[in-house]
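Student: My questions all concern the structure below.
The values are calculated or read from the model by the stated rules, or taken from the named source; none is laboratory data. In this text the structure is predicted, and so the values were computed from the model without any measurement. Methodologically, a virtual Cβ is constructed for each residue, glycine included, from the backbone with ideal geometry; neighbour enumeration extends over all protein chains shown.
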Amino acid sequence: MSILAEKLSSILKRYDELTALLSSAEVINDIKKLTELSKEQSSIEEISIASKEYLSVLENIKENKELLEDKELSELAKEELKALEIKKAS
């Protein structure tokens, strides 16, 4: 896993942690903590969404490269790989 992918994964993990914390009774009953965690979650929400999509594209690229080794599926994989590489770059 690349350094970028690791960083994005850690952001996703933190976002999921915040989601769980915001659902807990302890945080719900502590307005200060609720506000603090809500702000943190809000600040990483966009990058979290983009991270999920980017990591999904990376996984699809990996899978398609593996398909390239299968002669029958090779042509289909090449076409999809081109589209995924374009999506990754954007």
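Student: Starting from the range 14-35, take each residue that is farther than 21 Å from residue 47 by Cβ and list its partners that are exposed (fewer than 14 other Cβ atoms within 10 Å of the Cβ), counting only C-beta distances under 8 angstrom and pairs at least six apart or across chains.
Tutor: Within 8 Å, the pairs are 33/26; 34/28.
Student: If you go through the range 59-90, how many residues are touching a helix residue (DSSP H, G or I) at 6+ places or on another chain (Cβ under 6 Å) and among the hydrophobic types (A, V, I, L, M, F, W, C)?
Tutor: Of the residues in that region, 7 qualify.
Student: I've got another one for you. Looking only at helices (runs of 4 or more DSSP H) that fall completely inside the range 1-67, which ones have 2 or more residues that are of a type in the set (Asp, Glu) and within 23 Å of residue 82 (Cα to Cα)?
Tutor: The qualifying helices (runs of 4 or more DSSP H) are 31-67.
Student: Right, next: Going residue by residue through the range 19-34, is there one that turns out to be in contact with a Phe, Trp or Tyr (Cβ under 7 Å, 6 or more places away or on another chain) and of a type in the set (S, T, N, Q)?
Tutor: Checked the range 19-34: no residue is in contact with a Phe, Trp or Tyr (Cβ under 7 Å, 6 or more places away or on another chain) and of a type in the set (S, T, N, Q).
Student: Given the structure, is residue 27 in contact with a Leu (Cβ under 6 Å, 6 or more places away or on another chain), β-branched (Val, Ile, Thr) and modelled with pLDDT under 95?
Tutor: It is false that residue 27 is in contact with a Leu (Cβ under 6 Å, 6 or more places away or on another chain), β-branched (Val, Ile, Thr) and modelled with pLDDT under 95.
Student: Let me ask something else. Return a yes/no flag: does the range 17-31 have any residue that is surrounded by 14 or more Cβ atoms within 10 Å (Cβ to Cβ), in contact with a helix residue (DSSP H, G or I) (Cβ under 9 Å, 6 or more places away or on another chain) and among the polar types (S, T, N, Q).
Tutor: So far as the range 17-31 goes, no, none of its residues is surrounded by 14 or more Cβ atoms within 10 Å (Cβ to Cβ), in contact with a helix residue (DSSP H, G or I) (Cβ under 9 Å, 6 or more places away or on another chain) and among the polar types (S, T, N, Q).
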